[in-house]
1. With respect to A:Ser88, is the statement that it is among the hydroxyl-bearing types (Ser, Thr, Tyr) and buried (at least 21 other Cβ atoms within 10 Å of the Cβ) true?
2. Is there any pair with a first residue in segment A:93-114 that is in contact (Cβ under 8 Å) with a residue 12 or more places away in the chain and closer than 17 Å to A:Glu56 by Cα and a second that is assigned to a helix (DSSP H, G or I) and charged (D, E, K, R) whose Cβ atoms are under 6 Å apart and which are 6 or more apart or on different chains, and what are they?
3. Can you tell me which residues in segment B:94-128 are basic (Lys, Arg) and under 19 Å from the mean Cα position of the chain (by Cα)?
4. Can you pull out the helices (runs of 4 or more DSSP H) entirely within segment B:285-385 that have at least 1 residues that are crowded, with 21+ Cβ neighbours inside 10 Å and within 14 Å of another protein chain (Cβ to nearest Cβ)?
5. Just name the residue that is farthest from the other protein chains (Cβ to nearest Cβ) out of those in segment A:210-235 that are among the polar types (S, T, N, Q) and surrounded by fewer than 24 Cβ atoms within 10 Å (Cβ to Cβ).
6. For segment B:323-332, check the following and say yes or no: at least one residue is touching a residue at least 60 places away in the same chain (Cβ under 8 Å), among the hydrophobic types (A, V, I, L, M, F, W, C) and more than 21 Å from B:Phe272 (Cβ to Cβ).
7. Within segment A:282-297, identify whether any single residue is in contact with a Ser or Thr (Cβ under 6 Å, 6 or more places away or on another chain), on the phi < 0 side of the Ramachandran plot and buried (at least 19 other Cβ atoms within 10 Å of the Cβ), and answer yes or no.
8. Of all residues in segment B:179-198, how many are surrounded by fewer than 21 Cβ atoms within 10 Å (Cβ to Cβ) and of a type in the set (S, T, N, Q)?
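Every number in this text was worked out from the coordinates using simple rules, so none of it is lab data. Treat the numbers as computed from the prediction; the structure is a model and nothing was measured. Neighbour counts run over all protein chains shown; Cβ positions are idealised from the backbone, glycine included.
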Amino acid sequence: MRVETAALSFEDSETQALLRQTAAEFLAGRYPISRLYAIESGESKVGPAELAEIRELGWLGLTVSESAGGAGLSLLEAAVILDELGYSGAPLPVAPGNAAGGALGRGGDLVTLGEERRGLSGGLRVEGGRVSGRVGLVAAADLAGTLLAPVGESLALLPLAAARLRPAPNVDLAGCFDLDFAGLPTTEIEVVANGSTAAALAERAAQLQTALRLLEAVGMMRRVVELTKTFVTDRIVFGQPVAKFQAARHRAANLFMDVEMARWAAYHGVWRLQEDAGDPGGLWLAKHWAIRATERLLVHTHMLHGGVGVTMEYPLHLFTQGLMARATRGGDLEEMVARATAWAR
Amino acid sequence: VNFVVPREIVEFEAELNRYLDSVLSEEVLEEFRAHGIGRKVTRFWQRLGADGYLGLGWPVEYGGAGRSPLYLHAFHHVMGYRGLTIPLVTLETIARALMRIGSEEQKAKFLPRILRAEIEFAIGYTEPDAGTDLAALQTRAVRDGDHYVVNGQKIYTSAAHLADYLWLAVRTDPAAPKHRGISLLVTPIETPGVEVAPLPMMADHKTNIVFLRDLRIPLSGLIGEENKGWSYITTQLNYERVAISPVPIIERAYDNLCARLQEAGALAAKPFARAALAELAADLYALQVMDWKIAAMLADGRVPVHEASLLKVLSNELNVRCQSLAVQLLGPRSLVRRESESALLDPAGLTTERQLRRSVVNLFGGGSNDIQRDLVATFGLGLPR
């Protein structure tokens with residue numbers, strides 16, 4: 001009987017468990033809540049030293065082969081690292097770096113990309129041998145050396161030193177910038193693909209970005225569940241813990257169920273993409289689900305926490321704000337509806 | 001993790017579908033569509049039993065095939081998608097309880113006949129004043145020599161008008177704390193002292209009130225130990241919760257909606273329908289994954305507790321939303337009953353209106369969803385009770 005069912009498992013594989021533990025230990029040591037507060041207040045930042053550290057861990061080329069400077073992990077193995085990253089709340093540019101690097105098959109150096117999809121920022125064009133235009137909401141543009149972006153009908157790597165960076169502070173802690181290129185000579189960019197190849201490569205980067213941001217969101221949801229559990233158990237109202245009241249228990253149960261569903265749908269969607277690069281369908285559905293679960297989660301957790309949850313001295317906001325960002329990046333609901341309908345039928 | 005569904009399970013589903021295509025006549029299907037139960041349906045179940053499908057998950061020692069719970073999951077999935085009911089309560093709830101706590105004599109008497117679909121049981125747990133708070137039940141059984149004498153009333157006793165046996169929860173020790181004085185008894189339904197009165201329900205569903213007046217049950221009708229009934233009951237409900245998941249019903253509704261709206265040819269021009277279908281597809285996907293997670297747990301020999309409650313709550317609530325949405329997308333024609341020639345039928349020959357009316361039943365059937373939420377809070381999240 002075991003033989004029949006050996007394949008189906010919802011437990012971490014040995015490799016996943018090891019990766020998860022290593023990532024969790026590293027992140028808990030380097031990015032405790034006190035560090036997140038310091039980043040929030042500006043006392044500390046994610047700088048070149050932090051980038052060097054995650055490069056050393058192989059986190060800038062998780063799914064890239066070792067020969068190309070990566071860690072050679074499967075997508076499901078990379079997923080547990082993003083899950084733990086989300087749980088920690090550390091604002092490290094692992095998702096954009098691996099979306100760009102993963103699509104290109106290049107590990108090692110941080111290549112970033114714009115988070116504003118659906119062409120909302122106008123994009124880059126070539127006129128007279130020079131590149132101009134805007135790329136919106138680029139994560140860690142102050143740390144990365146290179147940007148992966150569509151330039152006309154091509155996909156190209158552009159030196160970030162040539163861009164004007166305008167900070168676009170977000171709801172979460174991650175550094176984010178709008179970039180303007182004004183007349184960068186095309187000789188200074190590296191075209192990696194043209195035409196349909198460029199479109200396919202850009203699509204691959206977009207899919208990876210969805211997958212990685214989704215897993216980060218799922219990890220962050222777990223943290224919100226944990227904070228909520230602790231709060232309703234410890235907080236006394238009318239002489240007993242909040243957790244004793246049925247209305248509160250039901251809200252907490254709804255929160256828990258949403259997060260369980262989001263988590264397993266996310267892993268399953270990522271698995272489908274891993275098994276068949278031509279099947280991102282599960283990913284779109286899982287992201288669609290996670291975005292709506294996030295809406296409900298915000299209501300439930302903040303309702304249960306009351307005023308305490310919105311004070312800056314209680315850490316919940318670090319995770320609910322982080323979740324607002326992670327649920328939206330890597331494809332918002334407008335995009336997921338379009339993709340899911342196109343995919344479903 | 002590894003989400004690969006074993007090949008033999010996929011092949012089994014295909015084989016079962018071919019088998020059903022070959023044995024289901026239009027007459028039988030019509031009875032399924034109209035009533036869900038009846039003589040032809042029973043004969044079909046007997047055929048399923050004879051061909052080895054009813055005992056798929058039963059241990060070999062009781063005449064079953066001893067297959068992994070994944071086969072059972074696939075079986076329920078195929079049957080549910082086709083809108084074919086099975087004698088679930090008897091086959092899984094009652095039989096599993098008998099295997100666990102029945103005497104050798106009771107096992108020998110009932111199990112082979114259950115497997116051949118020759119006998120059916122009705123469960124008499126709920127009472128007018130003991131539903132969600134089942135342990136408040138008042139039906140009394142008093143020992144009188146080598147018999148129990150039972151007096152009381154049961155309600156929502158589904159299938160009592162068709163069943164051969166009545167499976168009762170009764171109070172045998174009124175002095176004990178309420179969870180400790182309950183026992184399980186079984187009796188032929190055709191016994192003096194049992195009166196079955198119909199209680200018609202919405203959605204063409206028939207259930208019953210059962211009056212018990214000086215009903216005499218021999219001591220051999222006691223299931224398990226006296227006064228231990230509560231733990232037996234709660235274990236059974238865990239099995240039922242997993243088995244009544246409406247995931248295949250939602251899948252059929254989704255497929256039907258997609259086909260109908262495509263047929264109408266204007267899906268691209270219907271932004272609401274597109275967005276609604278995307279949302280339904282996403283909700284369904286997350287549920288399907290969770291459904292497999294629970295099947296995988298069972299296959300691994302573990303008992304899903306909060307997982308079963310989660311699936312029960314979310315799948316049944318999604319079913320109500322899904323059927324309601326189907327009505328809004330298909331319009332008022334979807335509310336026409338199947339007796340009418342102009343009724344809109346889904347691939348299983350069922351109307352949306354009936355499925356919508358039916359969907360609300362399992363919000364409380366199999367354990368009220370709000371109680372399930374409490375179980376999730378306790379066992380899933382770990383909140384203090």
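1. Yes.
2. Qualifying pairs under 6 Å: A:Ala95/A:Arg213; A:Ala95/A:Glu216.
3. Hits for segment B:94-128 are B:Arg96, B:Arg116.
4. B:306-330, B:369-375
5. Result: A:Thr230.
6. no
7. Yes: segment A:282-297 contains one or more residues that are in contact with a Ser or Thr (Cβ under 6 Å, 6 or more places away or on another chain), on the phi < 0 side of the Ramachandran plot and buried (at least 19 other Cβ atoms within 10 Å of the Cβ).
8. 1
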